[in-house]
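Step one of this worksheet: look at the structure below.
We did not get these values from a lab; they are worked out from the coordinates using the rules stated. Small disclaimer: the values here were computed from a predicted structure and weren't measured. Please note: Cβ atoms are built from the backbone with ideal geometry, for glycine as well, and neighbour counts cover all protein chains shown.
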Amino acid sequence: MYLKGFNTKPEENILADTNEAHEDYIDWGDMPLEAPNSGVDLTSAFRTLRKEIEPNTIITNGAGNYAVWGHRLFRFTKLRTQLAPISGSMGYGLPAAIAAKLRFPDQMVIALAGDGCFQMTMQEFGTAVQAKAAVVVLVVDNGMYGTIRMHQERTYPERISFTDIDNPDFVALAKAYRAHSERVTRTEDFPEAFARACASLTGAVLELVINPESLTPGQTLSQMRAAGLAKQGGA
């Protein structure tokens with residue numbers, strides 16, 4: 001941003017810089033990312049979403065490393081189609097999605113949540129069903145609090161403390177609320193599962209089981225640990 005009185009570049013140079021930054025952003029979202037050898041590849045799944053959803057689809061998320069894939073790969077082209085926390089509030093995605101669906105019932109609303117994030121407010125799925133707010137919740141299940149684990153691996157490698165999660169049966173939970181639910185363990189099964197979720201009149205929960213190594217789009221859990229150990233060795 002160039003403030004009035006401090007702009008030292010000609011207008012045409014500012015435009016050129018802006019266009020170059022936009023091209024970098026597009027390239028960044030399209031660059032190949034390392035796929036896991038098991039579980040759902042979030043890169044592939046979210047790029048499928050990007051192709052299939054309507055431009056006015058509202059995307060919400062809570063806080064966690066899983067959200068990095070959404071922020072990196074989705075392209076928001078309409079105003080007021082992204083709802084996300086500013087201060088890293090876990091559990092934000094589902095209540096935000098319910099509110100959005102009640103306010104804009106004719107628009108598709110998708111909530112992104114990690115397995116730890118979802119458990120902060122998952123009881124509100126009952127509110128969604130009761131209020132007939134048919135939201136689609138994608139629960140990214142890696143069996144851990146990913147962001148906290150990332151910092152542990154980087155700063156305290158091999159000293160992991162209370163970041164593994166013994167998860168409930170998310171599919172059974174959604175079925176208990178009489179909603180559609182599926183557990184997806186393979187990337188190739190995601191498109192059809194997502195289509196079924198979107199067609200559900202009751203809303204849906206899709207549990208996407210991902211490899212725990214998929215901690216960020218650009219660095220695996222093992223790579224983080226190795227970097228942490230190397231840093232300690234060089235200290």
Test of understanding: in a Gaussian network model of the chain with alpha carbons linked when under 10 Å, which of Tyr156, Tyr145, Tyr25 would top the mean-square fluctuation ranking? Tyr25
Using a Debye calculation, one point per C-alpha and no hydration shell, please list log10 I(q)/I(0) for the chain at q = 0.09, 0.14, 0.15 Å⁻¹ in order. -0.43, -0.92, -1.02
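Suppose every K and R has +1 on its Cβ and every D and E has -1 on its Cβ; what is the size of the dipole of the range 38-234 about the Cα centre, in Debye to the nearest 20? Don't skip to the end; give the middle numbers.
Values: 20 positive and 18 negative charges, 132 e Å.
Computed about the Cα centre, the dipole is about 640 debye.
For Pro157, what charge total do you get from the other residues with a beta carbon under 10 Å from its beta carbon, if Lys and Arg give +1 and Asp and Glu give -1?
Details: positive: Arg154, Arg159, Arg225, Lys231; negative: Glu153, Glu158.
That sum, taken over residues with Cβ under 10 Å, equals +2.
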From the phi of every residue in the range 210-227, what ³J(HN,Hα) in whole Hz does the Karplus formula 6.51 cos²θ - 1.76 cosθ + 1.60 yield, where θ is phi - 60° and glycine or proline is x? 10, 5, x, 5, 7, 8, 9, x, x, 8, 7, 4, 5, 5, 5, 5, 4, 5
Of Lys78, Lys175, Lys132, which has the largest mean-square fluctuation in a 10 Å C-alpha GNM of the chain? Lys78
The relative contact order of the range 1-111, taking Cα pairs under 8 Å that sit 6 or more residues apart, comes to a percentage of 26
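How many lysine pairs does the chain hold where the Cα atoms are under 20 Å apart and the two sit 8 or more places apart or on different chains? Don't jump to the answer; show the numbers that get you there.
Values: Lys51/Lys78; Lys78/Lys101; Lys101/Lys132; Lys132/Lys175.
Counting lysine pairs in the chain gives 4.
Report the local net charge at Arg225: Lys and Arg +1, Asp and Glu -1, summed over other residues whose C-beta lies under 15 Å from its C-beta. Mind dumping the intermediate values first?
Numbers: positive: Arg149, Arg154, Arg159, Lys231; negative: Glu153, Glu158, Asp164, Glu213.
It works out to a net charge of 0.
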Give me a comma-separated list of calculated 3J(HN,Hα) values for the range 58-63, in order, Karplus coefficients 6.51, -1.76, 1.60 applied at θ = phi - 60°, integers in Hz, x for any Gly or Pro. 8, 10, 10, 8, x, 10
When the charge dipole of the range 76-135 is computed with +1 on Lys and Arg Cβ and -1 on Asp and Glu Cβ about the Cα centre, the Cα farthest towards its positive end, among Thr77, Ile98, Met122, belongs to Thr77
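What list do you get for Glu158, Glu207, Glu52 if you sort them by fewest beta carbons within 10 Å? Please report the intermediate quantities before stating the final value.
Details: Glu158 10, Glu207 24, Glu52 13.
The fewest-first ordering by Cβ neighbours comes to Glu158, Glu52, Glu207.
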Estimated dipole of the range 1-116 in Debye, rounded to 20 [Cβ of Lys and Arg +1, of Asp and Glu -1, Cα centre]: 580
Net charge of Cβ neighbours under 10 Å - reference Val140; Lys, Arg +1; Asp, Glu -1: -3
Amide H proximity to Gly39 below 5 Å, modelled H, separation 5+ or other chain, gives none
With an 8 Å cut-off on Cα pairs and a minimum separation of 6 or more residues, tell me the relative contact order of the range 38-234 in percent. 24
